[in-house]
1. Round to the nearest 10 and give me the degree value, 0 to 90, for the angle of helix 164-173's Cα axis relative to the longest principal axis of the chain.
2. Going by average Cβ density within 10 Å per residue, which order do the peptides 339-347, 142-150, 67-75 take, highest to lowest?
3. Quick check for you: with a 1.4 Å probe and neighbouring chains kept, what is the accessible area per residue of segment 258-352, in Å²?
4. Per-residue counts of other Cβ atoms within 10 Å, averaged by peptide: what ranking do you get for 14-22, 294-302, 52-60, highest first?
5. Counting Lys and Arg as +1 and Asp and Glu as -1, what is the net charge of the other residues whose Cβ lies under 9 Å from the Cβ of Ser336?
6. Please arrange Phe187, Phe50, Phe4 by accessible surface area, largest first, computed with a 1.4 Å probe and ligands excluded.
7. Suppose all protein chains stay in the model; what accessible area per residue would a 1.4 Å probe give for segment 6-255, in Å²?
8. Along the Cα-to-Cβ line of Ala23, 7 Å from the Cα, sits a label point; which residues in segment 31-54 have backbone N less than 20 Å from it?
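The values are calculated or read from the model by the stated rules, or taken from the named source; none is laboratory data. Since this is a predicted model, take the numbers as computed values, not measurements. Here the Cβ positions follow ideal geometry from the backbone for every residue, glycine too, while neighbour counts run over all protein chains shown. When the accessible area is computed, the model is the full protein with side chains, heavy atoms only, and any ligands, DNA or RNA have been set aside. Shrake-Rupley method; radii C 1.70, N 1.55, O 1.52, S 1.80 Å.
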Amino acid sequence: MSNFDLSKILRPHILTLAPYSSARDEYTGQVGVFLDANENPFGSASTGNFNRYPDPHQAGIKALLAPLKHISTDRIFLGNGSDEPIDLLTRISCTPGKDRVIILPPTYGMYEVSASIHDVYIDKVSLTPDFHLDADAILHAVTPDTKIVWICSPNNPTANTMDRACIQRILENFVGLVVVDEAYIDFTDEPSWIAELDRYPNLVVLQTFSKAWGLAGIRIGMCFASAELVRILNKVKPPYNISLPAQQLLLEALHAVDKKDQMVADILTERATLDTMLRALPLVVKVYPSDANFLLVQFEDARAVMDYLIKETIIVRDRSRVHLCDGCLRITVGTSEENKVLIASLKKFQEKNVTV
Ligand SMILES: *Cc1c(COP(=O)(O)O)cnc(C)c1O
């Protein structure tokens with residue numbers, strides 16, 4: 001989309017918005033007597049020192065993240081989980097009660113929730129029965145008020161990666177934001193769309209620290225986009241959206257990429273083992289191929305399996321009533337021990353059902 005004009009996609013008042021200027025924006029030196037932000041000079045009531053406001057621009061984190069993702073720091077936005085960029089992208093582009101987004105079920109629920117919160121219309125275009133994008137139908141669903149197409153790849157809950165040529169067609173023919181949510185990118189061999197940001201000014205890529213990095217509890221999501229769009233997101237976000245302890249822990253993690261890589265490798269090994277063990281069970285109808293850290297598994301009687309597992313205090317995600325996912329449970333890949341407990345329970349369920 002070479003003639004893409006971001007200012008035509010954004011809500012007019014967002015373009016002219018004057019952002020909040022924080023105390024830490026006005027003086028950025030590291031040392032000094034800081035009497036500018038009404039902080040407590042003595043320290044914190046907790047252990048540790050959290051009495052100072054955190055860096056609103058997360059410069060230290062972005063300096064480490066940029067080389068890791070092969071992108072410049074001005075194209076990185078960090079949010080309070082991916083939830084925050086999902087919310088902000090909806091908010092900066094869609095006028096409530098007028099504009100529309102396209103979502104592609106079955107997919108991650110937050111795109112729809114965010115649109116609904118903002119009173120934005122949702123057009124749903126189903127994936128094909130084998131969980132792929134229907135580019136013709138998606139482009140056909142576009143109206144002059146459509147601002148965002150949400151694509152999840154690898155997709156939750158179907159676990160597959162979306163065809164690159166289809167995404168490319170949407171990028172080239174839709175004059176609006178094409179968001180590719182890559183929450184599960186670390187678990188696939190497919191390349192990230194980050195490398196295509198230079199080619200497509202309407203492309204936005206989401207990633208997260210919640211899955212591969214094991215940091216779901218500190219809530220940090222990544223958004224990669226044009227420098228122009230990142231500037232707008234920074235203008236609209238709450239100034240201190242990433243807390244100081246979250247920034248400190250993330251910096252620590254970014255110095256331990258090897259540990260993340262090892263955990264991903266272990267999850268991939270466990271995914272293959274779990275897949276094999278599930279396939280061997282007669283009550284399993286189908287295990288879908290996975291590019292993620294979970295398996296979508298079809299059972300003969302998913303509800304009964306789910307209820308039995310809950311009694312055994314094993315919690316999986318019921319997707320059996322989700323569009324195109326009839327009879328399916330979504331099972332996160334656990335540790336070797338956890339996966340064995342799951343398989344043992346499923347075997348027990350099977351035996352019980354044969355004897356009654
Ligand atoms: C888990 C997940 C996320 C991560 O959300 P956070 O708010 O960053 O924890 C984002 N998108 C999809 C599709 C997911 O499954």
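1. The two axes meet at around 40 degrees.
2. Going from most to least packed, we get 142-150, 339-347, 67-75.
3. On a per-residue basis, segment 258-352 sits at 53 Å².
4. On the way: 14-22: 11.6, 294-302: 20.7, 52-60: 16.4.
The densest-packed peptide leads the list: 294-302, 52-60, 14-22.
5. Net local charge, Ser336 excluded: -3.
6. Phe50, Phe4, Phe187
7. With the other protein chains kept in place, segment 6-255 gives 44 Å² per residue.
8. Once the point is set 7 Å along Cα→Cβ of Ala23, 31-46, 48-54 turn out to lie under 20 Å by backbone N, inside segment 31-54.
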